Each structure stands twice: as C-alpha cells, then as structure tokens.
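The values are calculated or read from the model by the stated rules, or taken from the named source; none is laboratory data. Source: prediction; values computed, not measured. FYI the Cβ positions are ideal-geometry reconstructions off the backbone, even for glycines, and counts take in every protein chain you see.
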Amino acid sequence: MLDCAIIGGGPAGLTAGLYATRGGLKNVTLFEMGLPGGQITQSSEIENYPGFFEHDKTGMDFMDTWQKQCFHFGLKHEMKKVERVAKTGEHFTITLEGGETVEALTVITCTGSTPKRAGFKGEDEFFGKGVSTCATCDGFFYKDKAVTVLGGGDTALEEAFYLSNICSEVYVVHRRDEFRAAPPTLDRVKRKENIHLITDSVIEEAYGGMMGLDGVKIKNIKTNEITDMQNTGLFVFVGHNVQNSVLKDENGEFICDMNDWGQVIVDLSMKTSLKGLFAAGDMRIEAPKQVVSAAGDGSVAALQVIAYIQELA
Ligand code: FAD
Ligand code: NAP
C-alpha cells in the first residue's frame, strides 16, 4: 500500500513528491505517462520563475533538476498512464493502463490542463516560437509591440486586456460578430483604446522562418479579404481541455466535485470533496496556470497528505 500516489509529473506533481518524501513519507510513487517535467518542457524560455534568470535555458533544462531533487529524497517514478482512481473503503485503487492496479492511502492528482489548438496552418510549427497560449508567460516578450489574439470567450478578452497594458496594439480576431465572453468583460475591452476587435474573421495562416513567427494572415470569412499582420505575436485562447479523465468512474461520473468547465473544486488546502483525494496545479479551479503556482499547490497538497496520514495512525 502506497502512502501517497501522485498522478502527473509536471511542476505540481514533482513538488508534491518532493514535499511528501522530504516530509517523511516512505512510500510515495509518481505516475507520469511521459518523462517528468510537464507542459513547461515545451517552452523555449522561462522568465517569470523567481530566482531563475537564465535566458539561454529552455523549459526542459529548467525542469531537469526538479526530478533529480525529488528522486534524491526517495520519490519513485513509474512511467505509466493512469486510467482511473477509485475509492475502495478507506483507501484508493489506482488502475493503470493495461489493467494493473495499485493501492494507496492518499492520492494527489496533478494531470494539468491543455490549451486547445485552433487548427490553422502554422499553429504547431510556430507554437512556442511566436504562437503562445499564455499571456502571463509571454506577453512581456512583446512589450510595446503589436500582438494578435484569437478567440472570443472570457479568456481571450481577459488576456487581451492584460496584453493591452504591455503591448502597443492588441488585435482580437474572432470568427463571429457576437462574443461568448461576459458582457461586462466585452464592454471593458471595447473601452480600451489600443484593443481592436476584428470579427467574422479567422487566422488563415501563421508564417515565418527559422527565427520564428513573422506574421499572420487574417481572413474575413464574409468577404474573403485577407489582412497580412506582420511582426506580431499570436496568442491563441480557444478553450482548454482539463485532463480530468482519471477522476471519472466506470460510468463516466466524477468521483469528486467539479465545476462546469471540468476543473476540480478544491479548498485552499487542495482538498477535494472526497476524503484523502487532493488536486493541484492547472487542473484545479481558478488555477493561475503558472509554474510557480502549480509548484505552490503541490507543496500544499503534500503537507496536507502528511497531516491526513498522521491523523489516520
Ligand atoms: P502539467 O505541467 O500540465 O503536468 C501534467 C502532467 O500530467 C503531464 O506531464 C502529463 O503527461 C501528466 N499526465 C496527464 N494525464 C496523465 C495520466 N492519465 N497518467 C499519468 N500522467 C498523466 N508557466 C510559467 O509560469 N511561465 C512560463 O513562462 C510558461 N510558459 C509556458 C510555455 C508553454 C509553451 C506552455 C505549454 C506552458 C507554459 N507555462 C508557463 C504554463 C506552465 O507550464 C503550467 O502552468 C504548468 O506546467 C502546470 O503544471 P501542472 O503540474 O499543473 O501540469
Ligand atoms: P470558451 O468560452 O470555450 O471560448 C472559446 C472561444 O474560442 C470562443 O469564442 C470560440 O468561438 C473560439 N474558438 C473555439 N475554437 C476555435 C477555433 N478552432 N478557431 C477560432 N476560434 C475558436 O473558452 P474560454 O474563453 O477559455 O472559457 C472557458 C470557460 O471558462 C467559459 O465558460 C468561460 O466563461 C470561463 N471563464 C470565466 C472567466 C471569468 O468568469 N472571469 C474567465 C475565463 C474563463 P465561438 O464563440 O464562435 O464558439
């Protein structure tokens, strides 16, 4: 029986592993279907993690020492995909891909949330090289420059507003002439002089070269007119897929409370509605979707796990 099973080896899961093992738990396993590190390993640069200010280091370089540090304190890693978590009496049964099962007293799920791709030409090619899904992470790279934002939901408009305080001009491209975002958010955006709404339009193509994105072609779907927006960063906010499938039972029902967008409802201790089950990082409600906050969540969850196990004894 594991003291704690951690699912997902991004910043939240690795930090949970560090705090759980260094806090004295002997039997802690991290289940990560790939190499540990999480989403940030796709990034070519990280500039907003306090204390880390090395411009020539990628997200992969940045995460390398995290796993070494965890393994040093006794965290075990199994490179396996978790299919499902179920509570059986007082403990949990974790079903791995292939059907093998593992028992654990507590579980911390840290499986993240993946930004959706819009599907235009060049999106994958220039992802992380001019095409971004994170204004907090990458907005500063476009200080006093023009950027384009794709999407018409709350996230797109809130992030456009955030970017408008850093960038010279923000062009919001939306495929319809009505916005999904809440009316007050839309009003606030409309009042901002350097935000320009380009409706009934899609990104036809993101183009560039070896050095990254050079510009985007925007197509008006009613007139077919193409506008070439050169020297712009492109921020895509077309929704998120929360990686929450491990929390569904065999009937597809969630084993703990979730909000309407599939994010796990936790309290400030990262406790879910199910005793002994914790969630941390980008998959939880109101996650700022930053490495530093995911790591903070992981530490909080692990400290709560230690307290929970002490109470069981
Ligand atoms: P993730 O990092 O998403 O990790 C989740 C892990 O769970 C993954 O490794 C996944 O393989 C694993 N997993 C999922 N399902 C299962 C399963 N069923 N079984 C086993 N394993 C599973 N943040 C910043 O603070 N600064 C930045 O500059 C920055 N830049 C970014 C650039 C890019 C290109 C991207 C994509 C993100 C960036 N972010 C940045 C955001 C940051 O990476 C995330 O907020 C952070 O990684 C979230 O950590 P997490 O541990 O919650 O989840
Ligand atoms: P969302 O509401 O699903 O909006 C996604 C937007 O992207 C929509 O405008 C959609 O267009 C557009 N889109 C989707 N696929 C596209 C594609 N392939 N190409 C071009 N455009 C595409 O996602 P979200 O903004 O991330 O919000 C998710 C949920 O979180 C929402 O329920 C939202 O209300 C909530 N949220 C709330 C707050 C808040 O309350 N402060 C903040 C952020 C998010 P269409 O409109 O035409 O479908």
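The rows are residues; the columns are (1) under 30 Å from Asp124 (Cα atoms); (2) among the charged types (D, E, K, R); (3) free of Cβ contacts under 8 Å to residues at least 12 places away in the same chain.
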position	(1), (2), (3)
Pro11	yes, no, no
Ser43	yes, no, no
His55	yes, no, yes
Glu97	yes, yes, no
- Message: Return the residues of the stretch 94-111 that are out of contact with any Lys or Arg (no Cβ under 6 Å at 6 or more places or on another chain) and surrounded by fewer than 16 Cβ atoms within 10 Å (Cβ to Cβ); say none if nothing qualifies.
- Response: Gly98, Gly99, Glu100, Thr101, Glu103
- Report yes if some residue within the stretch 169-179 is assigned to a loop (DSSP other than H, G, I, E, B) and within 16 Å of ligand 1 (Cβ to nearest atom); otherwise report no. no
- When you look at Asp154, is it at positive phi, in contact with a Ser or Thr (Cβ under 8 Å, 6 or more places away or on another chain), surrounded by fewer than 16 Cβ atoms within 10 Å (Cβ to Cβ) and touching a residue at least 24 places away in the same chain (Cβ under 8 Å), yes or no? no
- Name, by its number, the condition in (1) farther than 21 Å from Pro11 by Cα; (2) free of Cβ contacts under 8 Å to residues at least 40 places away in the same chain; (3) surrounded by 12 or more Cβ atoms within 10 Å (Cβ to Cβ); (4) of a type outside the set (Ser, Thr, Tyr) that does not hold for Met60. (1)
- Query: What tally of residues in the stretch 288-313 results from selecting those that are within 19 Å of the chain's Cα centre (by Cα) and modelled with pLDDT under 95?
  - Reply: 3
- Task: Determine if the stretch 115-125 includes at least one residue that is within 27 Å of Gly59 (Cα to Cα), more than 16 Å from ligand 2 (Cβ to nearest atom) and surrounded by fewer than 24 Cβ atoms within 10 Å (Cβ to Cβ).
- Result: yes
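A quick yes/no check of all residues on (1) under 20 Å from Ala5 (Cα atoms); (2) within 13 Å of ligand 1 (Cβ to nearest atom); (3) outside the structural domain of Phe140 (by TED's automatic domain parsing); (4) without any contact (Cβ under 8 Å) to a residue 60 or more places away in the chain:
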{"position": "Thr185", "(1), (2), (3), (4)": "no, no, no, yes"}
{"position": "Arg191", "(1), (2), (3), (4)": "no, no, no, yes"}
{"position": "Ser201", "(1), (2), (3), (4)": "no, no, no, yes"}
{"position": "Ile218", "(1), (2), (3), (4)": "no, no, no, no"}
{"position": "Asn244", "(1), (2), (3), (4)": "yes, yes, yes, no"}
{"position": "Phe254", "(1), (2), (3), (4)": "yes, no, yes, yes"}
{"position": "Asn259", "(1), (2), (3), (4)": "no, no, yes, yes"}
{"position": "Met270", "(1), (2), (3), (4)": "yes, yes, yes, no"}
{"position": "Ala287", "(1), (2), (3), (4)": "no, yes, yes, no"}
- In the set Thr111, Thr148, the lone residue that is at pLDDT 95 or above, assigned to a loop (DSSP other than H, G, I, E, B) and either among the β-branched types (Val, Ile, Thr) or in contact with a helix residue (DSSP H, G or I) (Cβ under 7 Å, 6 or more places away or on another chain) (or both) is Thr111
- Item | Residues of the stretch 260-287 classified as within 16 Å of the chain's Cα centre (by Cα) and small (Gly, Ala, Ser), total | 5
- Query: Of all strands (runs of 3 or more DSSP E) completely enclosed by the stretch 232-313, which ones contain at least 2 residues that are touching a Phe, Trp or Tyr at 6+ places or on another chain (Cβ under 6 Å)?
  - Reply: none
